[in-house]
1. Please report Rg (one decimal) and Dmax (integer) in Å for the Cα set of the stretch 81-196.
2. Give the cross-link partners of Lys85 among the lysines, using a straight C-alpha distance below 27 Å as the criterion and excluding same-chain residues fewer than 8 apart.
3. If Phe64, Phe41 are ordered by their accessible area, calculated over protein heavy atoms with a 1.4 Å probe, which sequence runs from highest to lowest?
4. Viscosity 1.002 mPa s, temperature 20 °C: give me the Stokes-Einstein translational D for the stretch 157-307 in µm²/s, with Rh taken as the Kirkwood radius over C-alpha pairs.
5. Could you check the simple spin-label distance between Glu271 and Cys372, using points 7 Å along Cα→Cβ, in nm with one decimal?
6. Do the sum for the chain: with -39,500 (n - 2.57) for every DSSP H run of n ≥ 4, divided by all residues, what is the mean residue ellipticity at 222 nm, to the nearest 500 deg cm²/dmol?
7. Find the accessible area per residue for the stretch 146-185; the probe is 1.4 Å, ligands and nucleic acids are left out, and the unit is Å².
8. Which residues does a label at Lys322 reach in the stretch 239-255, if reach means a backbone N under 16 Å from a point 7 Å past the Cα toward the Cβ?
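The values are calculated or read from the model by the stated rules, or taken from the named source; none is laboratory data. Everything numeric here is computed off the predicted structure, so don't read it as measured data. Positions of Cβ are generated from backbone atoms using ideal geometry, with glycine treated the same way; all protein chains shown enter the neighbour counts. For the accessible areas, the whole protein counts, side chains as well, though only heavy atoms, and no ligand, DNA or RNA atoms are used. Shrake-Rupley method; radii C 1.70, N 1.55, O 1.52, S 1.80 Å.
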Amino acid sequence: MDSSAKRICSNRPLAGFTADSTVATQVPLSPRDVKAQLVTFARGIGFDGCRVAPCAPPPHAADFRDWLSNGASGEMNYMQRGEEKRCDPQQVLPGARSVIVFALNYWQGAEPKSDMDAANGRVARYGWGDDYHDVIAKKLTMIDDFLRQFWGAQKCYVDTGPVLERDHAAEAGIGWHGKSTMLIDPKLGTWFFLAEVLTTLELPPDPPQQDRCGTCERCMTACPTGAITSPHRLDARRCISYLTIELKTSIPLEFRPLIGDRIFGCDACLEACPWNRFAEVSRESSFAASPATVGMTLRDYLELSDEQFREMFRKSPIKRIKRRGFLRNVCVALGNVGDLSDLPALHHASADPEPLIAEHAAWAIERIHLRCGALAAKLS
């Protein structure tokens, strides 16, 4: 994934200043006091959780290696490239003593209702507003500046670095491992982003949370493609989020009908989790839904030029899959939920200079003819 949200931080201290950077002091603070100020500071800049784990090898490193060896990571080759670092955080930051994990709620409440006559697609909730990489990276810059007051050296990551973030987050007690592999917190449910700061400061660790899933398997049964093959085991090659975001080539034919109207990511396993009934609307307004993600029909997306696409989604995480990936997904969704009125737009897309778009548009045209032809015959 893009590494723009990574910040490699120096050991330069902001010498002689307290946490609010306004009053000079020479009084050393205990690790417990530093942590207390950090938690307060993190809350003040918008994070909903700030907890600490020891900087140790992640508990599920062996499972991660097994997952890679079985090919379950699909085309996510960056996973293999960072395998050793993900299993040993000392290779990421030598001398690191603590992993500080942050949670940021992105829940925006009920999905906006559509009054559009034509079919529209579904974007996973985390993609409704501004790109979380950019939003969180700015906050981590502030966290780094805070920690440098205490002579800490840091490396900061937002879903981009070679760290098994969910393992460290579970060790810190941000949440527990749900059977979908998503972390769950009683107050936030599953609707939160993670960010990590590895630091050379030794801060008091927090205890992990108790696993409260019990016998519930709603997330597993809700997955349209059966990607959650067993509790805590996900085959990325079957996951709709992988198929619509990480996969850069053609979507396998067997999965296209199962994608439904999803055009960027999938929330099926999250929406099924009963802990989400306690979720509250995020304080972060940057994640509110934009007209580009909830206010357009599928056929309108097919009219976007590359320049128009980049302008429309310049602040959105959708920009990361580029026009070719996004319109590929739009074509699949139209094949599943479109009708005869969408055929002109699809015929135009079938002549797109980008072969990936043209291929999926042709598939969608065939699907609509089959579906609508069968319906017409039934009604006649």
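1. That works out to 17.0, 59 Å for Rg and Dmax.
2. Lys6, Lys35, Lys138, Lys139, Lys155, Lys179, Lys248
3. On the way: Phe64 20, Phe41 55 Å².
Listed by decreasing accessible area, they come as Phe41, Phe64.
4. Details: Rh = 17.7 Å.
For the chosen part, D equals 121 µm²/s.
5. 2.5
6. Details: 15 runs with 135 residues, N = 380.
Per the formula, -10000 deg cm²/dmol.
7. Values: 900 Å² over 40 residues.
Spelled out: the 1.4 Å probe surface of the stretch 146-185, per residue, equals 23 Å².
8. Once the point is set 7 Å along Cα→Cβ of Lys322, 244-251 turn out to lie under 16 Å by backbone N, inside the stretch 239-255.
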